[in-house]
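Each remark here refers to the structure printed beneath this line.
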Amino acid sequence: MSLVVQVIVTGLAAGGVYGLVAVGHSLIYRLTGIVYFAFGDLVAFAVFVTLLVAAGTAPVSQTSLAPGRFLLALFVALAACIGLGAATYVLFIEPYLLRGSTLGWVAATLAIAFALRGMIGATFTRPAYVFPDPIPFDRIGHGGLVTIAGASVQVRSFFVIALAAALAALAAWALERTRYGRALQAIASDVEGARFVGLPVEGLVALTFGVVGGLAALAAVAAAPTAPFSVDTGTLLGLKGLVAALIVRFGSPWAAFCAGLGVGLAEAAIDNLRIGDFGLGPQYGEVLPLAFALGLIAYRSLRSDAAFGRA
Amino acid sequence: MSTTVVGQTGSALAAAGREIRAGWTLRTTLAMLAIAAALIAPGVLPLSGRMPDLAAFVYLAVAAVGLAYAVGLAGIPSLGQGVFLGVGAFTEAIARAKGGWPLVPSLLLAVVAAAAAGGLTGLATGRLRGAFVAASTWILSWIVVLTLTSFPGLSGGAQGLVLPEATVFGRTLTPTAHYELGIVLLALAIVAFAVIARRAPGLALAAAREQPNPALGLGVPVARLRLGAFAASAAIAGLAGALGVELAQVADPSGYGPVLSFKLFVAVIVGGARMPLGPVAGLLVISVFSHAAEQIGGLRGLPPGRLEEMLTGYGLLLVLGLGGIGLLPAARGWWDTRRGSSPDAAPPTHVEPLASVEGARPLAARGLSKRFESLVALDELDLDLTPGTVHALVGPNGSGKTTALRALSGEQRPDSGSIVLGDDPLGPATQRARARRGVVGTQQTTAIFPDLTVLEHALVGAGLRRRRSGPFRTLFRTPQARAEEANAERRALGALELVGLLEDRGRPANELSAHRQRLLMLASALATQPRVLLLDEPAAGASSTELDRLVSLLQALRGKGLALLLIEHNLRFVRRVADQVTVLEAGRRIASGTLDEVAADENVRAAYLGRRSF
């Protein structure tokens, strides 16, 4: 029982971040028809900019941080993330989209991913970084841990889950209720129509590339102190978010978010749960959800009766 | 007897020699010189210390050229080439290190394993659109690397798998021997790419890459060709991976991850996926970036490889940002504009006028019905197409004309009803099976293959009748394949002559006017040697002179014994060509007969002619 609680809490906390990445992947796919392979690396970029501004590249202890400087860091990181997301779209992706070149945008998004990875790796040269915690969770419970139904879980996990759910709700709300969101819906359903009624399509799409990155980055920053953060953590975030988005076929923000939660839960359960003597263990946790998604895609492809061009 | 055989062999060799001389160009000479120079380089230049690196690079280039079969020929954005290299490498390593197999059988096993992995991946992703193929193969790359790091036992633990020394006829394979072997394989892979790309299988793949649906309509086996291209691409990677692991003598799982797949993909794109030498050029560009990164990183005292990803990424973004997908195509375009290239203007010697239909058969449809949710598109439609007649299908917009055509051509299956050609029920036959029996349709929208020339376009249609010129026979230039190619070209030229596009045969199809693009679609359909031809609004956008020419064209086709179905709005045009008219309204046939009979029909007047006059 205690293990189940622990799996649920850690799974939902990890899944919340995947879910926000999945929301971003879905939105981008529905706006442009592309898969943004650099998404996870853009999120990692924002996390590392936060770290750079808040604490520099030196090793940090978890508590040596002034809240004011952290907020500044977060602000700088979000601005940089939005700017960079928009710039990469305008410079490298849109030209190939306009030419209808699938091969072009796949190559461009991957090149962006590796350029970002390299940029981070050249600045932060150690394999992984412990992330400072701006909110003093360690003062709650026993050094940041509370015991629920016999399981000791990090207080931060609840904060991450709540924040991620709030951000997903914000995204869903903004998409339905704001002018910006309705403009995005118009673009997703009919680009030419949106252009015809005078929407600045290119600008809105470019902005969205940054905004979804920033949204996911907020959750990633909140979750980052849980475990050491590295460049690969970011890339894997992007990958798992993509898997979640693929499972729900780039569906609505809520569907994508829930799929992300599901991937997180599945990972935690595979890592930790044992049924009798049978348990898979942590080496299966990352691989199996990916394999499941791949199998699902193959199944849908083979079952579909459309000749070509279906998801 | 034996002298006859010798004589025949001699004349065959002489003919082959003549053909080689006729096809020998400056490019062939340059290619031969380049291969020779690459082969003798280790003996002349002081390279002995660099041989292992050079050999490894050449094997990587082989894998990159292999990837171009999937990316360039078939247009599949595969991000999994690293996986197939890894499958080849680990099959080889396990067979040799654990199974104790000799070199050659284990190489064969590695190629088969990689081809099977590629075939399975191709099968699973074959019907997905590009974005999903890229995502799935990318996920596959990550699955492999995560599995190998999570289960180190699979790949021989921390040391990796160590291979015994490779020997061929008792002699050890040195790095120099690997290099020479690699150069030969690279040359073969490049030549094979060039041969396939410009001939029937390559043209069919190009058509399917641009526009899968019209390609299906011409009977191109799109799924099978794509699968073949993907499997071939994986097989080549498997061979390169297996030989690479023989060269390194140790299989290290960390090398076959997403980074390798990314590098190979970008090499192909940057160099030019559709040019045989493109992948090699792209790989050279990437190597320049990574070497520069190594040097700079060394100066700054950074660990090796730290800057490599960054500079490679920046360099590629620079190339891609400048719009340079395809350095070689860009260079060639520049060269052509400087030199002022002229498409071949010499009159073709062999034009085969379109033959009359042999074994003409009527097509009879009975009780065709099709619903789209609550909308009834076709309601118990009967239709008869007789050889040597033109049957026009008319009716208001949305009356089900195009749905009827699609049901006949096999593009869309009707919910119920039967379609019989002669006494041969077409039932669930695919578009390709119908096209082979002689039932071919054209699309309502102009759907041409923009990358192909006019002649190549018609050759895609003529390719339907290939029997002995599949990819392998084409590759080995067997006499049957060459005879069939010549035959197909004669027929394609004949079809172009008939529609009046012979003079344009060397031009890119997308330079033609809209009406001529329609004629080109018609010519491609004619090149399949159809018995029954289904035309969706061929007169759309035609001027009055063009209309006159179209009338005589359709009359000529009728004279050759084709059964023609014509969907048409222009009733003046219908009056000039149609022997039979069927009027549809809301998916039902409301009248049928000659145009005058139909025009006199009460139902038709009520439904349709109240708004128009003949």
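Remind me, relative contact order of region A:2-303 in percent, using alpha carbon pairs under 8 angstrom and six or more residues apart?
On the way: 465 pairs, mean separation 115.7, N = 302.
Computed over region A:2-303, the figure is 38 percent.
Let me spell out the model: positive unit charges on the Cβ of Lys and Arg, negative unit charges on the Cβ of Asp and Glu, origin at the Cα centre of region B:466-614. What dipole size does that give, in debye rounded to 20?
Values: 24 positive and 18 negative charges, 136 e Å.
Its charge dipole is roughly 660 debye.
Step through the residues of region B:395-409 one at a time and calculate ³J(HN,Hα) from phi using the Karplus curve (6.51 cos²θ - 1.76 cosθ + 1.60, θ = phi - 60°), rounding each to whole Hz and writing x for Gly and Pro.
So the J values, rounded to whole Hz, are x, x, 4, x, 8, x, 5, 5, 4, 4, 4, 5, 5, 5, 7.
Which residue, chosen from B:ALA37, B:VAL83, B:PRO105, occupies the Cα position most advanced towards the positive end of the dipole of the protein assembly as shown, where the dipole is computed from +1 (Lys, Arg) and -1 (Asp, Glu) charges on Cβ about the Cα centre?
My answer, from the dipole projection, is B:ALA37.
Which one of B:ALA495, B:GLY400, B:THR442 has its Cα pushed farthest toward the positive end of the charge dipole of region B:363-611, where Lys and Arg give +1 and Asp and Glu give -1 at the Cβ?
B:ALA495
Take the alpha carbon atoms of region B:474-546, find their center, do the same for region B:22-81, and report the distance between the two centers in whole angstrom.
Answer, in whole Å: 36.
Check which residues have an amide H placed less than 5 Å from B:ASP415's amide H, if you skip close sequence neighbours.
Sorted by chain and number, the residues that satisfy this are B:SER369, B:LYS370, B:ARG371.
Using the Kirkwood formula over every pair of different C-alpha atoms, what hydrodynamic radius in Å results for region B:154-232?
16.3 Å
Looking at the calculated P(r) for region A:164-262, what percent of the C-alpha pair distances fall above 21 Å?
On the way: 1944 of 4851 pairs.
So the pairs more than 21 Å apart make up 40 percent of the total in region A:164-262.
Of B:LEU239, B:ALA200, B:PHE262, whose Cα points farthest to the positive end of the dipole of region B:167-270 (charges on the beta-carbon: +1 Lys, Arg; -1 Asp, Glu; origin at the Cα centre)?
B:ALA200
For region A:188-199, what does the Karplus curve 6.51 cos²θ - 1.76 cosθ + 1.60, with θ = phi - 60°, yield as ³J(HN,Hα) per residue in whole Hz, taken in order and with x for Gly and Pro?
4, 8, 6, 4, 4, x, 4, 5, 5, 7, x, 6
Take every Cα-Cα distance within region B:363-611, group them into 10 Å bins from 0 onward, and report for each bin the whole-number percent of pairs it holds.
Histogram of Cα-Cα distances, whole percents per bin: 7, 30, 35, 20, 6, 1, 0.
Give me the distance in nm between label points sitting 7 Å out from Cα along the Cα-to-Cβ direction at A:GLU202 and A:LEU280, one decimal.
4.6 nm
Would you mind computing, in nm to one decimal, how far apart the modelled labels at A:ALA166 and B:ARG468 are, each placed 7 Å from Cα along Cα→Cβ?
7.7 nm
Can you give me the three principal axis dimensions of chain B from its C-alpha atoms, in Å, biggest first?
Result, largest extent first: 91, 65, 53 Å.
Could you tell me how many degrees, from 0 to 90 and to the nearest 10, lie between the Cα long axis of helix B:81-93 and the main elongation axis, the longest principal axis, of the Cα atoms of chain B?
50 degrees
Going Cα to Cα from B:LYS560, which lysines come in below 28 Å? Please leave out same-chain ones fewer than 8 positions away.
Correct list for B:LYS560: B:LYS401.
Given a cut-off of 22 Å, what percent of all Cα-Cα pairs of region B:175-317 lie beyond it? Before the final figure, lay out each step's value.
Numbers: 5406 of 10153 pairs.
Within region B:175-317, distances greater than 22 Å cover 53 percent of Cα pairs.
For Cα pairs less than 8 Å apart in space and 6+ apart in sequence, what is the mean separation divided by the residue count of region B:363-611, i.e. the relative contact order in percent?
Values: 477 pairs, mean separation 71.8, N = 249.
Worked out over region B:363-611, it gives 29 percent.
Please turn the phi angles of region A:231-242 into ³J(HN,Hα) values with the Karplus equation 6.51 cos²θ - 1.76 cosθ + 1.60 (θ = phi - 60°), one per residue in order, whole Hz, x for glycine and proline.
Working through the residues one at a time gives 4, 5, 4, x, 4, 5, 4, x, 5, 5, x, 5 Hz.
Other chains near A:283-290: what is the mean number of their Cβ atoms within 10 Å of each residue's Cβ? Present the calculation step by step, with values, prior to reporting the outcome.
Values: counts 6, 4, 2, 6, 9, 2, 2, 6.
Shielding by partners across A:283-290 averages 5.
Kindly provide the helix-only [θ] at 222 nm of chain A, computed as the sum of -39,500 (n - 2.57) over DSSP H runs of four or more divided by all residues, to the nearest 500 deg cm²/dmol? Please report the intermediate quantities before stating the final value.
Numbers: 13 runs with 218 residues, N = 311.
Counting only the DSSP helices, I get -23500 deg cm²/dmol.
log₁₀ I(q)/I(0) of region B:51-279 at q = 0.16, 0.17 Å⁻¹, via Debye over equal Cα point scatterers, no solvent, to two decimals?
Result of the Debye calculation: -1.04, -1.16.
Once you average over the residues of B:265-273, how many Cβ atoms of partner chains fall within 10 Å of each Cβ?
Values: counts 5, 6, 1, 2, 8, 2, 0, 0, 2.
Across the residues of B:265-273, the mean count of other-chain Cβ atoms within 10 Å is 3.
Given the alpha-carbon gyration tensor of the protein assembly as shown, what are the semi-axes of its equivalent ellipsoid in whole angstrom, ordered largest first, with each equal to the square root of 5 times an eigenvalue? Provide the component values of the computation, followed by the final result.
Details: eigenvalues 564, 303, 120 Å².
Result for the protein assembly as shown: semi-axes of 53, 39, 24 Å.
How much net charge surrounds B:MET51 when only the other residues with a Cβ under 15 Å from the Cβ of B:MET51 are counted, with Lys and Arg +1 and Asp and Glu -1?
Values: positive: B:ARG50; negative: B:ASP53, B:GLU180, B:GLU246.
Local charge sum for B:MET51: -2.
Given a cut-off of under 8 Å on Cα pairs at least six residues apart, what relative contact order in percent is computed for chain B? Don't skip to the end; give the middle numbers.
Numbers: 1080 pairs, mean separation 96.8, N = 614.
After rounding, I find 16 percent.
Compute, for chain A, the length of the dipole vector about the Cα centre, with Cβ point charges of +1 (Lys, Arg) and -1 (Asp, Glu) only. Units Debye, rounded to 20. Let's see the in-between values first.
Working: 17 positive and 14 negative charges, 65 e Å.
With only Lys, Arg, Asp and Glu charged at Cβ, the dipole is about 320 debye.
Can you give the FRET efficiency to the nearest 0.05 for B:THR430 and B:THR9, using r as the Cβ-Cβ distance and R₀ = 30 Å?
Working: r = 43 Å, r/R0 = 1.42.
Taking R0 as 30 Å, the efficiency between B:THR430 and B:THR9 is 0.10.
Give me the net charge for the shell around A:GLY85: Cβ to Cβ below 13 angstrom, other residues only, Lys and Arg +1, Asp and Glu -1. Intermediate results must be reported in sequence, preceding the final value.
Values: positive: none; negative: A:ASP41, A:GLU94.
With Lys, Arg at +1 and Asp, Glu at -1, the neighbours total -2.
Tally Lys/Arg at +1 and Asp/Glu at -1 over every other residue whose Cβ is under 12 Å from the Cβ of B:GLY561; what's the total?
Details: positive: B:ARG361, B:ARG531, B:ARG558, B:LYS560; negative: B:GLU358.
With Lys, Arg at +1 and Asp, Glu at -1, the neighbours total +3.
Bear in mind that the values in this text are calculations on the coordinates, not laboratory data. Keep in mind the model is a prediction, meaning the values are calculated, not measured. We place every Cβ from the backbone using ideal geometry, glycine too, and count neighbours over all the protein chains shown.
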